[in-house]
Amino acid sequence: QILPSLMLASLPTMAAAEEIPAALQESWGDFWLFRFFINAAGYASIVVPGFLLIQYFKRRNYLETGRGICFPVIKSCVFGSEVKSLHQEDGSLPPRTEPTESSTARQIFKLVFCAAGLQASYLTWGVLQERVMTRTYGATETDPGEKFKDSQFLVFMNRILAFTVAGLYCALTKQPRHGAPMYKYSFASLSNILSSWCQYEALKYVSFPTQVLAKASKVIPVMMMGKLVSRKSYEYWEYLTAALISVGVSMFLLSSAPNRHMSTVTTFSGIVLLAGYIIFDSFTSNWQDALFTYKMSPVQMMFGVNVFSCLFTVGSLLEQGALLESVRFMARHSEFMAHAVLLSVCSACGQLFIFYTINQFGAAVFTIIMTLRQAFAILLSCLIYGHTVTVMGGLGVAVVFMALFLRVYARSRMKKRSKKLPPGDSPIQKV
């Protein structure tokens with residue numbers, strides 16, 4: 001349902017989309033599709049030799065025949081050190097312990113701390129993301145300034161700090177013995193940096209509120225993929241909320257006038273980039289779920305994924321010569337440097353708050369906090385950057401968030417009901 005609506009919403013703006021490359025890009029080298037293939041070629045120059053090396057060591061049965069100083073490193077990277085766990089919960093987040101001695105006031109304080117940390121981290125991150133990708137730096141009365149164009153450098157900045165924070169956390173705290181082959185993190189890493197790149201790049205073509213709503217509607221393609229590929233069954237309320245999300249997003253997109261300012265026009269390129277973000281991000285979460293069948297903590301997952309993310313992005317940036325150009329841009333504009341650093345700090349702190357919140361209060365509370373964050377992000381973006389939302393568009397936003405809260409409520413009710421039923425009994429029908 002969502003895809004036809006998105007395409008329909010883009011039809012009035014196709015004429016404007018044809019003019020955007022001339023207005024936003026100075027050459028083909030700045031066009032997003034060209035940049036995507038250049039980045040992909042840079043990642044392939046690392047992935048392909050790595051794949052050949054892994055196959056070489058496996059064919060040689062290196063685990064039994066290998067010796068020397070490099071043996072532990074190769075064993076950890078290619079083969080891992082432990083047998084895979086049979087139960088996914090062995091490697092996922094540790095079970096949430098209900099407080100026995102903690103007072104109610106202490107729990108309220110923890111909840112407020114988690115909510116405030118998540119809201120501050122991701123609201124600041126969203127505002128800065130839009131500022132960096134849509135506004136110029138160094139503008140004066142005589143000089144219009146220049147925009148920062150390389151989304152991959154921002155991904156690199158985010159990942160290098162997340163890698164550092166996760167590494168320090170793992171070094172200072174006790175972690176489970178790690179058993180997954182290191183190369184397996186590269187799949188989630190590659191899809192993660194591509195989804196982040198699409199997310200940054202999409203802001204050149206769509207407004208931030210549109211991006212937030214597109215991310216909120218991610219549940220629809222995930223359900224479709226689960227139904228087609230994994231033959232999963234879903235409850236009736238899941239189909240109902242998915243339909244409501246589709247209707248809400250369609251109302252918001254269709255309310256956009258074709259003569260809207262370029263920064264708020266939904267273009268075909270923006271739709272493609274948002275679709276790319278959803279596809280890559282869905283793969284990342286599914287692959288990470290599979291990796292959690294090894295005995296590891298979420299921070300170890302964060303560290304492993306970001307190791308490869310740093311390797312891929314810095315390799316691609318160096319091959320393109322874009323790393324030095326981005327550093328020069330940073331040197332020319334101290335304001336951009338502050339924004340890029342703060343963007344990375346918010347991203348890394350946000351990930352730590354995610355782990356802590358889920359561990360203390362569970363996934364349902366975390367989902368409610370993050371859903372509220374999306375609503376606040378749209379409001380904040382409209383206030384700061386002047387995005388206008390029509391009555392129909394505002395109603396569409398309300399429908400989307402009503403559906404998201406309905407999903408959280410229904411899921412929590414189903415979990416409580418299933419705990420009271422004897423094993424094997426299903427509380428509701430699945431289709």
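The values are calculated or read from the model by the stated rules, or taken from the named source; none is laboratory data. Predicted, not measured: the structure shown is a model, and the values here were computed from it. Cβ placement follows ideal geometry from the backbone for every residue including glycine, while neighbour counts extend to all protein chains displayed. Ligands, DNA and RNA are excluded from the accessible area calculation, which covers all protein heavy atoms including side chains. Shrake-Rupley method; radii C 1.70, N 1.55, O 1.52, S 1.80 Å.
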Solvent exposure ordering (accessible area, 1.4 Å, most first) of Arg332, Arg177, Arg373: Arg177, Arg332, Arg373
Per residue, how much accessible area does segment 33-79 show when a 1.4 Å probe rolls over the protein heavy atoms, in square angstrom? 68 Å²
Estimated FRET transfer efficiency when R0 is 35 angstrom, pair Arg177-Leu395 (beta carbons, to 0.05): 0.10
Please turn the phi angles of segment 110-127 into ³J(HN,Hα) values with the Karplus equation 6.51 cos²θ - 1.76 cosθ + 1.60 (θ = phi - 60°), one per residue in order, whole Hz, x for glycine and proline. 4, 5, 4, 4, 5, 5, 5, x, 5, 5, 5, 5, 7, 5, 4, 4, x, 4
Segment 158-255, accessible area per residue, ligands and nucleic acids excluded (1.4 Å, Å²): 39 Å²
Between Ala105 and Asn359, the FRET efficiency computed from the C-beta separation at R0 = 25 Å comes out, to the nearest 0.05, as 0.80
Sorted by accessible area (1.4 Å probe), largest first, how do Lys295, Lys416 line up? Lys416, Lys295
Using 0.36 nm per residue of separation minus the Cα-Cα distance, give me the extension gain between Lys215 and Ala40 in nm, one decimal. 60.7 nm
Cα centroid distance between segment 268-333 and segment 120-163, in Å? 16 Å
Where nothing but the Cβ of Lys and Arg (+1) and of Asp and Glu (-1) is charged, how large is the charge dipole of segment 122-194 around its Cα centre, in debye to the nearest 20? 560 debye
Over segment 146-207, with every protein chain in place, what whole percent of the accessible area is carbon and sulfur at 1.4 Å, could you tell me? 66 percent
Between Phe405 and Tyr239, take the C-beta separation as r, use R0 = 22 Å, and let me know the FRET efficiency to the nearest 0.05. 0.85
Just the number, please: carbon plus sulfur as a percent of the accessible area of segment 33-79, 1.4 Å probe, no ligands or DNA/RNA counted. 72 percent
When only the heavy atoms of the protein chains count and the probe is 1.4 Å, how do Glu335, Glu141 rank by accessible area, highest first? Glu141, Glu335
